[in-house]
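Reading through the C-alpha cells given below for one structure.
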Amino acid sequence: MSLFSNPNRIPESYGLRIAAGLIGFFVLMFVLGFGHVVELRLLNLFILAGGVHFALKKFSATHGASINYFRALVTGVSTAAIGSAIFGAFLFIFLKIDVGFMEWIVENEPMGRYMNPYIASFIVILEGVFSGLLVTFVLINYISTEVDNVKS
C-alpha cells in the first residue's frame, strides 16, 4: 500500500501535498519577481487550510462518518506540522544557496538584522504549526465529530 493511499498515513500524505503547494507557490512567486512581497505569505494560509481540510475529509471518509474531536485535532495539526517542516527545510536550503535573498531580508525587514537561515526557517515552521492549529480548530467545528458527554 502506498503512502498516498494508506488510511493510517493521512497526515504524512497530506503534509507532503501541503509542502508541495507551499514550495510551488514560493518558487512561482520568486520566478515572477514577487519574492520580496512579504504579504503574499498570507496566501500560504489558504494552501495550508485546503490541505488540512482534505486531510480531515479523507480521515472522516476512511474512519467512519464522524471522528473523535481530539483525533481530528491531532490529525489536522500533525498534517500542518509535517507540511510546514518540509517547507521550512526547503526554505533553509534555499536561503543557504541564495545568499542575496537572505541579505535582502536582513537589510529590508524590521527584524532582519537578527535573521539568519536557521531562525528564518524555524519561524516559518513555527508559523505553520500555529496556523495549522488555528485552521484545524476552525475546521473541526464544521465537520461531524464525536464528543464524549460527561454528566456532572
Name every residue in segment 4-29 that is over 13 Å from Thr79 (Cβ atoms) and at pLDDT below 90, in order of residue number.
Phe4, Ser5, Asn6, Pro7, Asn8
If you take the residues in segment 121-148 that are in contact with a helix residue (DSSP H, G or I) (Cβ under 6 Å, 6 or more places away or on another chain) and of a type outside the set (Val, Ile, Thr), which one is surrounded by the fewest Cβ atoms within 10 Å (Cβ to Cβ)?
Leu133
Are any of the residues in segment 10-31 over 16 Å from Ile125 (Cβ atoms), in contact with a Lys or Arg (Cβ under 8 Å, 6 or more places away or on another chain) and in contact (Cβ under 8 Å) with a residue 60 or more places away in the chain?
yes
Residues that are of a type in the set (Gly, Ala, Ser) and touching a His at 6+ places or on another chain (Cβ under 9 Å), drawn from segment 71-125
Gly76
Scan segment 37-66 residue by residue and report those that are of a type in the set (Gly, Ala, Ser) and either touching a residue at least 24 places away in the same chain (Cβ under 8 Å) or surrounded by 13 or more Cβ atoms within 10 Å (Cβ to Cβ) (or both).
Ala49, Gly50, Gly51, Ala55, Ser60, Ala65, Ser66
Filtered residue count, segment 67-85, keeping only those that are under 26 Å from Pro110 (Cα atoms) and either of a type in the set (Ser, Thr, Tyr) or loosely packed, with under 15 Cβ neighbours inside 10 Å (or both):
1
Looking at Gly21, Gly33, Gly88, which is the one that is crowded, with 19+ Cβ neighbours inside 10 Å and either closer than 19 Å to Val135 by Cα or out of contact with any strand residue (DSSP E or B) (no Cβ under 6 Å at 6 or more places or on another chain) (or both)?
Gly88
Name, by its number, the condition in (1) more than 18 Å from the chain's Cα centre (by Cα); (2) within 18 Å of Gly132 (Cα to Cα) that does not hold for Ile47.
(1)
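The values are calculated or read from the model by the stated rules, or taken from the named source; none is laboratory data. Treat the numbers as computed from the prediction; the structure is a model and nothing was measured. Glycine also receives a Cβ, built like all others from the backbone with ideal geometry; neighbour counts cover every protein chain displayed.
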